[in-house]
Amino acid sequence: MTDDNMIQIRIHGRGGQGVVTAAELIAMAAFKSGLEAQAFPSFGVERTGAPVESFARIDDKPIITREQIYCPDVLIIQDATLLDTIDVTRGCDKKTMIIINTTKAGLKINLPKTNLHAIDATKIALEVIGKNIVNTVILGAFAKATGLVSLESLKLAIKEKFAGRQDLIEKNIKAIERAYEI
């Protein structure tokens with residue numbers, strides 16, 4: 001990875017779905033893999049259910065920029081209903097990898113399907129975690145599809161983020177492992 005190859009990740013979801021935590025976990029996992037990373041949210045007075053986005057960057061050099069991500073290398077969509085609400089694919093091109101929580105086989109998205117990775121993260125979250133919070137589930141799919149962070153570094157990030165909450169750690173690790181294996 002070089003400055004020209006900084007990986008920029010934009011995450012879309014709804015308030016209450018762990019969009020901000022997902023970006024933080026990506027950055028933490030990247031740090032644990034010896035890389036530089038940053039994570040930050042973009043929201044105002046949104047409430048639960050309102051569209052929210054967060055961002056993460058990964059590089060092997062210090063990251064200077066602090067602006068939002070307008071042209072992501074990886075786009076994570078935690079809630080496919082956003083496709084009908086806002087333009088989540090703005091700034092994306094044919095090289096953008098898309099990881100989306102959906103069960104729809106004929107998903108209508110205005111980008112090539114070659115870089116599209118669909119996962120039923122909702123089903124896994126409900127079965128393993130017991131709640132419809134898909135952020136960690138979709139990160140298992142992110143780790144597998146991109147290879148940017150290892151499954152092990154993601155597990156370490158979850159252990160650190162949720163320290164002292166062993167039940168939550170165990171469920172989230174099981175969920176990311178399940179998503180990674182698909």
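Structure notes:
- Exactly one residue among GLY49, GLY18, GLY13, GLY34 is surrounded by fewer than 22 Cβ atoms within 10 Å (Cβ to Cβ) and closer than 27 Å to LYS159 by Cβ, and that residue is GLY34.
- Pairs where the first residue, in segment 71-95, is charged (D, E, K, R) and assigned to a helix (DSSP H, G or I) and the second is surrounded by fewer than 19 Cβ atoms within 10 Å (Cβ to Cβ) and modelled with pLDDT under 90, C-beta under 8 Å, 6+ apart: none
- Condition check for LYS131: in a helix (DSSP H, G or I) and either among the basic types (Lys, Arg) or at pLDDT 95 or above (or both): no
- Considering residues of segment 123-140 that are more than 14 Å from ALA23 (Cα to Cα) and small (Gly, Ala, Ser) only, the residue nearest to the chain's Cα centre (by Cα): ALA125
- Selection status of LYS155, part of a helix (DSSP H, G or I), out of contact with any Leu (no Cβ under 9 Å at 6 or more places or on another chain), of a type outside the set (A, V, I, L, M) and in contact (Cβ under 8 Å) with a residue 12 or more places away in the chain: yes
- Condition met for GLU46 (assigned to a strand (DSSP E or B), of a type in the set (D, E, K, R) and at pLDDT below 95): no
The values are calculated or read from the model by the stated rules, or taken from the named source; none is laboratory data. All figures in this text were calculated on a predicted structure; none of them were measured in a lab. FYI the Cβ positions are ideal-geometry reconstructions off the backbone, even for glycines, and counts take in every protein chain you see.
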